[in-house]
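> The structure that follows is given in the form of structure tokens.
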Amino acid sequence: MCRWQIEFVNFNIHSSVGGWFPHEVATPLIVVNVPAFRLYGFDEPHHVALKMNVVVGKAMRSETPVFIGNMTYLVFRPDWGVPPSIARREIVPPLEKDPSYLAKNGYDLLDPSGKVLNAGNVTPEEIQLLRAGKLSVRQRPGPKNALGGVKFMFPNEYMVYLHDTPKTELFSRSRRDFSYGCIRVQDPPALAAWVLQSKPEWTPDRIRAAMEGEKSVQVNLSSPIPVLILYVTSRVDEEGSVDFYDDIYGHDAKLTQALAKGYPYPQ
């Protein structure tokens, strides 16, 4: 049972989203509706200033969690510290076939202290250490980097964030659950410009240049921006029409079962 579904109340901040919300939310505000594969940026409680498609975590494998965070900074031209589970599943198999796989794809091999080891020809012993989590992998900034040109950080226990992606073809799909749990955004320059509105020096041209630059650049926000990752499978649009989305993670089914049992509800 997802605890958020019991503790949140039905509060319609805007008909474009609707659903289960906390009693009070501040603006500017970012809302991601997971089953709709959409992101909304509110500049005031009843006005959507920004919206775009997103790619979310794969159902039954790497589902995007539901929670509230506060975006505090973004990083242009980020590197990617590959989580150990992804390294074992996605990197070790091709590395066993080709010891130069890391070098060819812009990865560094790191020891526990963070020191970069030679990734040009990884040894069988190093592969075993990587599989055991005693070595790690980091992907350098560049055109092949999984995070693209920018990541938007709202520190949380799930290590989930918003980011760019080189796999832009996925945004044309009607169902967009393809990620490892983080949320890929369709128009990262527009999102960056929106969250940096209080910093006029960050013009669209400067944002583009930073996304394509040589160095990683962290930009702290003037004030935190709340980020709500929600799971809402129906909404009423501005014309009064009702849209429904597939229950891709089965949360609605679990909620129905819990509510059917009556109070007190499980936590």
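The values are calculated or read from the model by the stated rules, or taken from the named source; none is laboratory data. Being a predicted model, the structure only gives us computed values, none of them experimental. In this analysis, Cβ positions are derived from the backbone assuming ideal geometry, glycine residues included, and neighbour counts consider all displayed protein chains.
> Regarding residue 222, is this residue outside any loop (DSSP other than H, G, I, E, B), over 26 Å from residue 111 (Cα atoms) and of a type in the set (Ser, Thr, Tyr)?
Values: outside any loop (DSSP other than H, G, I, E, B): yes; over 26 Å from residue 111 (Cα atoms): yes; of a type in the set (Ser, Thr, Tyr): yes.
Yes: the conditions hold for residue 222.
> Still on this structure, please answer the following. May I ask you to verify whether residue 202 is under 21 Å from residue 68 (Cβ atoms) and either among the hydrophobic types (A, V, I, L, M, F, W, C) or at pLDDT 95 or above (or both)?
On the way: under 21 Å from residue 68 (Cβ atoms): no; either among the hydrophobic types (A, V, I, L, M, F, W, C) or at pLDDT 95 or above (or both): yes.
Criteria not met by residue 202.
> Restricting to region 52-75, name every residue that is over 15 Å from the mean Cα position of the chain (by Cα) and modelled with pLDDT of 95 or more.
Result: no residue meets the conditions.
> Now for a different question. For region 87-109, does any single residue satisfy the condition of being more than 24 Å from residue 240 (Cβ to Cβ), among the small types (Gly, Ala, Ser), under 17 Å from the mean Cα position of the chain (by Cα) and not in a strand (DSSP E or B)? Spell out how you get there, then give the answer.
As a first pass, look at region 87-109 and keep what is more than 24 Å from residue 240 (Cβ to Cβ): 87-109.
Subset that is among the small types (Gly, Ala, Ser): 87, 100, 103, 106.
Then drop every residue that is not under 17 Å from the mean Cα position of the chain (by Cα), which leaves none.
So far as region 87-109 goes, no, none of its residues is more than 24 Å from residue 240 (Cβ to Cβ), among the small types (Gly, Ala, Ser), under 17 Å from the mean Cα position of the chain (by Cα) and not in a strand (DSSP E or B).
> Considering (1) at pLDDT 95 or above; (2) within 21 Å of residue 180 (Cβ to Cβ), say which one residue 128 fails and leave the rest.
Answer for residue 128: the failing condition is (2).
> Could you list all residues from region 113-139 that are surrounded by fewer than 17 Cβ atoms within 10 Å (Cβ to Cβ) and either among the small types (Gly, Ala, Ser) or more than 17 Å from residue 92 (Cα to Cα) (or both)?
Correct list: 113, 114, 115, 116, 120, 132, 133.
> What residue, of 193, 210, is aliphatic (A, V, I, L, M) and free of Cβ contacts under 8 Å to residues at least 60 places away in the same chain? Give the derivation first.
Values: 210 fails: free of Cβ contacts under 8 Å to residues at least 60 places away in the same chain.
Just one listed residue meets the conditions, 193.
> Take the residues of region 44-59 that are surrounded by fewer than 20 Cβ atoms within 10 Å (Cβ to Cβ) and touching a residue at least 60 places away in the same chain (Cβ under 8 Å): which is farthest from residue 188 (Cα to Cα)? I'd like the intermediate steps shown before the answer.
Start the filter on region 44-59 by keeping residues that are surrounded by fewer than 20 Cβ atoms within 10 Å (Cβ to Cβ), which leaves 44-53, 58-59.
Now drop any that are not touching a residue at least 60 places away in the same chain (Cβ under 8 Å), which leaves 49-50, 52-53, 58-59.
Working: 49: 15, 50: 11, 52: 9, 53: 11, 58: 21, 59: 24 Å.
Looking at residues that are surrounded by fewer than 20 Cβ atoms within 10 Å (Cβ to Cβ) and touching a residue at least 60 places away in the same chain (Cβ under 8 Å), I get 59.
> Among the residues of region 213-236, are any assigned by TED's automatic domain parsing to the domain that holds residue 27, closer than 25 Å to residue 47 by Cβ, free of Cβ contacts under 8 Å to residues at least 24 places away in the same chain and over 15 Å from the mean Cα position of the chain (by Cα)?
No, the conditions are met nowhere in region 213-236.
> Every residue in region 234-259 that is among the small types (Gly, Ala, Ser) and either over 24 Å from residue 60 (Cβ atoms) or modelled with pLDDT of 85 or more (or both), please. Quick ask: steps written out before the conclusion?
First pass over region 234-259, keeping only residues among the small types (Gly, Ala, Ser): 234, 240-241, 250, 253, 258.
Matches in region 234-259: 234, 240, 241, 250, 253.
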